[in-house]
1. Under a Cβ-Cβ cut-off of 11 Å, what is the net charge of the residues other than V83 that fall near it, where Lys and Arg count +1 and Asp and Glu count -1?
2. For G44, what residues show an amide H to amide H distance below 5 Å, using hydrogens built from the backbone and excluding near sequence neighbours?
3. Work out from phi, with θ = phi - 60° and the Karplus expression 6.51 cos²θ - 1.76 cosθ + 1.60, the ³J(HN,Hα) of each residue of the range 75-90, listed in order in whole Hz, and give x for Gly and Pro.
4. Under a plain spin-label model, where a point goes 7 Å from the Cα along Cα-to-Cβ, how far apart in nm are E62 and D14?
5. Any idea what the alpha-carbon Rg over 2.2 N^0.38 Å comes to for the chain?
6. Measure nothing but the geometry: give the 0 to 90° angle between the long axis through the Cα atoms of 18-36 and the longest principal axis through the Cα atoms of the chain, rounded to 10°.
7. Sort out for me the Cα centre separation of the range 43-66 from the range 1-40, rounded to whole Å.
8. Among the GluC sites (Glu not before Pro) within the chain, which fall in a DSSP loop and have no more than 11 other Cβ atoms within 10 Å of their own Cβ?
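Only the coordinates and a few stated rules stand behind these numbers; no lab work does. Bear in mind the structure is a predicted one, so any value in this text is a computation, not a measurement. Cβ: placed from backbone, ideal geometry, glycine included. Neighbour counts: every protein chain shown.
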Amino acid sequence: MIVGVCTVELFIPDGHSLKDKRQVLQSVKTRLRAKFNISVAEVGDHDLWQKAVLGMACVANESVHVNQVLDQAMNLIYGVPTVQVVRSQIELL
């Protein structure tokens with residue numbers, strides 16, 4: 001069993017309140033769950049308006065598949081015009 005964990009630090013330039021931030025993040029998380037069937041949660045910077053840290057996890061039998069899924073999830077995030085990726089890290093356990 002291979003567990004892949006991805007941590008993504010995001011900048012939300014149009015986030016002028018926590019409500020704006022939550023709306024953007026909810027949209028991103030819903031799309032990731034629906035398309036890739038992965039676990040997604042906000043794991044840091046809860047009180048900042050323009051910054052967020054998302055954690056994603058994927059479990060499979062092959063590390064190649066886990067890496068592929070997390071790479072595709074990152075590509076989806078890069079394609080979201082309302083967020084900018086500051087930093088990302090993928091770990092396989």
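1. 0
2. The answer is V53.
3. 4, 4, 5, 4, x, 7, x, 8, 10, 10, 7, 8, 7, 9, 8, 10
4. 3.9
5. 1.05
6. The answer is roughly 20 degrees.
7. 7
8. Qualifying residues, ordered by number: E62.
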